[in-house]
Amino acid sequence: MPPESQIPIAATVKRRFAVSLALFYSAVFAVSGTHLPFFPVWLKAIGIDPSWIGLINALPAITRFTTLPQITAIAEKRHAIRTAMMVSVLATAIGFTAVGLQQQPLALFLIYAITCMMWTPTTPLTDAYALRGVARYGLDYGPLRLWGSAAFAAGSLACGFLVDHIAARDLIWVIVAWAVVAVAASLLLQPLDDVRRKTAEAHPGKALLRDGGFWAVIVSAALIQGSHVAYYTFSAINWQLHGLGGLTIAGLWTLGVIAEIVVFALSPRFSLHPSTMIAIGGLSAVARWIVTANEPPLALLAIAQLGHGLTFGMTIVGTMTLLVQRVPSHQIARGQGYYAACSGLLGATTSIASGAIYARIGDNLYYVMAAMAAAGALVIWSARDRLSAHPQSEASGG
């Protein structure tokens, strides 16, 4: 047992880690809270047509399965996850500034592609850093992650308010401002002890990819999360066409994030198996997208938006719990990279296709999303027996 004099120091270190991570999550997700709903609105405002919007919005997903896995693997190999997070947000701020100075589709596409190469690793790297902290300090992932969701809601609401008061062509500078805040927050991140292997391992990544249970987790999660593509890309545009104002749109997004925050806050009390949580998330998404496809009245649309707590929140809690259980801590960044790559491949394909599909059938695109979510629920449910007995992460006591 450590001497009493050491206990307050340990508690202080733990608290400092949690606070700095919460601030960084907040800043990073504030960028997403302005980008996801309103970047397509900005593209439309500067004269980009729907086909280009679908293609441009596919870029983050494309980089998730091309450059992102390499970046997370390099950061893990060099034991530089925290440094990689800092570099990533700095490059993001610079990149979005350059994007804001462009209006030609091809030039915008190329600069945004470079920006996404550095931006998209931020969340997987942050989750890897967070999960290592969870193992190191005995914390819960959900209560840490909820601060990102709260900032997402705040960023979305602030930008929604601005939509009604500033020109849509200026929305890009709100995204840039939050990216600069993320750079400042990164300077407060606390170093973590290196998690190094004590024995040689020739092909750690290949060993992970031979785990059928790992594949079931990341494929099912990718399908369910990928079913949100139509919502992320076209909901703000579509709701504007139906006469909703910017603040109302931001309010609808915020309702979903509030439900997500509640799920994260309560997640330490959940007793369901993580695979069941993911299945619930998938089935909830089926119901949510069917309702959304039918142009519901505002009250019903608001109820559907509250389903985001299940379709996104419950899914990610189940996914992260299973990843902690199945992936050793020394490979957690690599595992996050593979998960992001799988999500990116599916998300990019869906985003590219969604532009053309939306142009033809409009709101009926949500039926395609419902089918994707149903497939994700089926994959995880069929693998539930395999996932009931899991290999334990070495660094977390298994």
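The values are calculated or read from the model by the stated rules, or taken from the named source; none is laboratory data. It should be emphasised that the depicted structure is a prediction, and the values quoted were computed from it without experimental measurement. Note that we place each Cβ from the backbone using ideal geometry, even for glycine, and neighbour counts take in every protein chain shown. The area values use the complete protein model at the heavy-atom level, side chains included, leaving out ligands, DNA and RNA. Shrake-Rupley method; radii C 1.70, N 1.55, O 1.52, S 1.80 Å.
As a calculated quantity, the FRET efficiency between LEU272 and ILE74 at R0 = 30 Å, using C-beta atoms, amounts to about 0.25.
Compared with the dominant principal axis of the Cα atoms in the chain, helix 105-119 is inclined by about 20°. Sort segment 249-372 into rounded, prolate or oblate with this rule: let a ≥ b ≥ c be the square roots of the eigenvalues of the Cα gyration tensor; rounded if a/c is under 1.5, and if a/c is not under 1.5, prolate when a/b is larger than b/c, oblate otherwise. Taking the square roots of the gyration eigenvalues as a ≥ b ≥ c, segment 249-372 is oblate. Averaged over residues, the count of other Cβ atoms within 10 Å places the peptides 315-321, 285-291, 186-192 in the sequence 315-321, 285-291, 186-192, highest first.
Around LEU244, which amide H atoms from residues at least 5 apart in sequence, or from another chain, sit under 5 Å from its own amide H, with H modelled in the peptide plane? Correct list: empty.
Annotation: extensible slack from ALA299 through ILE166 equals 45.1 nm (criterion: 0.36 nm per residue apart, minus Cα-Cα distance). Helix 332-361 versus the longest principal axis of the chain: what angle, 0 to 90°, nearest 10, using Cα atoms? For helix 332-361, the angle is close to 10 degrees. Computed from phi, the 3J(HN,Hα) profile of segment 44-61 under the Karplus parametrisation 6.51, -1.76, 1.60 (θ = phi - 60°) reads 5, 5, 8, x, 7, 7, x, 5, 5, 4, x, 5, 5, 6, 7, 4, x, 5 Hz, with x in place of Gly and Pro. To the nearest 10 degrees, how steeply does helix 315-326 sit against the main Cα axis of the chain, on a 0 to 90 scale? Its long axis makes an angle of about 30 degrees. Evaluated over the Cα positions of the chain, the convex hull gives a direction-averaged projected area, one quarter of its surface, of 18.9 nm². The fraction of all Cα pairs in segment 181-322 landing in successive 5 Å bins from 0 to the largest distance is 2, 8, 15, 16, 14, 14, 13, 9, 5, 3, 1, 1, 0, given as whole percents. Residues in segment 370-378 carry Karplus couplings, in order, of 4, 5, 4, 4, 4, 5, x, 4, 5 Hz; the curve used is 6.51 cos²θ - 1.76 cosθ + 1.60 with θ = phi - 60°, and Gly or Pro positions show x. Surface composition of the chain: carbon and sulfur make up 66 percent of the accessible area, probe 1.4 Å. The residues of the chain expose on average 41 square angstrom of accessible surface per residue, using a 1.4 Å probe on protein heavy atoms. Segment 21-81 and segment 321-389 have their alpha-carbon centroids 17 Å apart. GNM on the chain, C-alpha springs below 10 Å: top fluctuator among ALA185, ALA353, ALA84? Of the options given, ALA353 has the highest mean-square fluctuation.
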